[in-house]
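Notes for the one structure printed next.
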Amino acid sequence: MKPDEDLRTTSGLVVPSAALQWSFARSGGAGGQHINKTSSKATLTVAINEITGPEVLVRRVTTALSIKVRVTNQTSRSQWRNRQFCLTQLKEIIDNAAKPPTPDRRKSKPTRASVKRRLEGKRHASKKKESRRTNDW
């Protein structure tokens with residue numbers, strides 16, 4: 001993705017390039033002197049109200065997410081690669097928020113055979129316990 005290109009998700013939402021706010025810092029962890037010299041940690045902040053697209057999807061995203069979404073990545077030694085990871089994560093977050101809610105589960109009755117098996121098992125356990133009893137109290 002080029003720096004002046006809008007971010008397009010698979011669900012059809014568009015984040016304008018002007019809404020992407022980048023900041024960079026030095027990464028933590030192992031890496032030797034390279035870590036001490038480069039700012040490869042990438043943080044991407046996006047205001048949700050800047051997202052455009054179909055009205056239904058935009059409404060779902062705005063209700064599911066907070067006002068701003070912040071994505072940080074420092075897994076790679078390369079700043080460019082960390083930026084790509086941030087963009088990928090942002091796409092996934094927005095697409096997951098834009099998905100319709102899952103329908104409620106419809107309750108179903110147990111099958112006749114499963115009821116029969118359950119009752120047979122109860123009868124078997126009852127007979128087993130009954131055979132352990134003695135009448136010579």
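Read-outs throughout are calculated quantities, based only on the coordinates presented, and are distinct from any laboratory measurement. Given the structure is predicted, the values throughout are model-derived calculations rather than measurements. Please note: Cβ atoms are built from the backbone with ideal geometry, for glycine as well, and neighbour counts cover all protein chains shown.
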Residue-averaged [θ]222 nm for the chain, counting only DSSP H segments that reach four residues, each worth -39500 (n - 2.57)
-13000 deg cm²/dmol
To make sure I understand the rule: partners must be lysines, Cα under 18 Å from the Cα of Lys129, and not fewer than 8 residues away in the same chain. Which ones qualify?
none
I'd like to know which of Leu119, Asn36, Ala47 lies farthest towards the positive end of the charge dipole of the chain, counting +1 on Cβ of Lys and Arg and -1 on Cβ of Asp and Glu.
Leu119
For the chain, the helices passing both cut-offs (Cα extent along own axis of 20 Å or more, Kyte-Doolittle mean at least -1.0, full DSSP H runs) are 79-98
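Give the peptides 116-126, 48-58 in descending order of average Cβ contacts within 10 Å, highest first.
Numbers: 116-126: 10.4, 48-58: 15.2.
Result, highest mean first: 48-58, 116-126.
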The stretch 7-98 - Debye-derived log10 I(q)/I(0), Cα point model, q = 0.10, 0.11, 0.20, 0.24 Å⁻¹:
-0.29, -0.34, -0.86, -1.11
Give the lysines whose C-alpha is closer than 21 Å to that of Lys128, dropping any in the same chain fewer than 8 places away, or say none.
Lys116
